[in-house]
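**Student:** What follows is a structure written as structure tokens; I'll ask about it next.
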Amino acid sequence: MKEFTYVITDPVGLHARPAGILVKEVKGLDSTVTVEKVGGKSAQATKLMALMGLGIKQGDEVKVTIEGGDEDGNLVKVEEFFKENF
């Protein structure tokens, strides 16, 4: 299991368009990706409505966990995606 934390910098937070792209990205991976709002709830990154339900806003810290498959390679991909989109 690999994980990283990230502070959301997007002024709108984790909103529908980039969250939808995230869902498509992680569905192509051979790992299970979970997004957790630090101090709050968590959701699998393949479930758009569950991600939106976390209510992640600018300044919130999230913990992203990658489990199974090519954890190291998928960690790099997902972390890069967060830096570019959130």
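The values are calculated or read from the model by the stated rules, or taken from the named source; none is laboratory data. Bear in mind that the values here come from a model prediction, so they are computed numbers and not experimental data. Using ideal geometry, Cβ is built from the backbone for each residue, glycine included, and neighbour counts are taken over all protein chains shown. For the accessible areas, the whole protein counts, side chains as well, though only heavy atoms, and no ligand, DNA or RNA atoms are used. Shrake-Rupley method; radii C 1.70, N 1.55, O 1.52, S 1.80 Å.
**Student:** Enter the accessible area per residue of the chain (Å², integer; probe 1.4 Å; all protein chains in place).
**Tutor:** Working: 4800 Å² over 86 residues.
In whole numbers, the chain has 56 Å² accessible per residue.
**Student:** So, by mean Cβ neighbours within 10 angstrom, what's the order for 24-32, 4-12 with the highest one leading? Walk me through the numbers on the way to the answer.
**Tutor:** Values: 24-32: 15.1, 4-12: 13.0.
Answer by packing, highest mean first, reads 24-32, 4-12.
**Student:** Pop out the ³J(HN,Hα) list for region 63-73 in order, Karplus 6.51 cos²θ - 1.76 cosθ + 1.60 with θ = phi - 60°, rounded to Hz; leave Gly and Pro as x.
**Tutor:** Karplus-based 3J(HN,Hα) across region 63-73 equals 10, 10, 10, 10, 9, x, x, 7, 4, 5, x Hz.
**Student:** Which of (1) 17.1, 56; (2) 12.5, 34; (3) 11.4, 33 is the computed Rg and Dmax of the Cα atoms in Å for the structure on display?
**Tutor:** Here Rg and Dmax of the Cα atoms in Å agrees with entry (3).
**Student:** Hey, another quick one. Note the full-extension length gain between Val76 and Gln58 as 0.36 nm times their separation in residues minus their Cα-Cα distance, in nm to one decimal.
**Tutor:** Numbers: separation 18, 0.36 × 18 = 6.48 nm, distance 2.22 nm.
Here the segment from Val76 to Gln58 would lengthen by 4.3 nm.
**Student:** While we're on this one: Among the aspartates and glutamates, select those whose C-alpha is under 20 Å from the C-alpha of Lys24, and discard any that sit fewer than 8 residues away in the same chain.
**Tutor:** Straight-distance partners of Lys24: Glu3, Asp10, Glu36, Glu67, Asp70, Glu71, Asp72, Glu79, Glu80, Glu84.
**Student:** Probe radius 1.4 Å, ligands and nucleic acids ignored: give me the carbon and sulfur share of the accessible area of the chain as a rounded percent.
**Tutor:** Numbers: 2360 of 4800 Å².
Accessible surface attributable to carbon and sulfur in the chain totals 49 percent.
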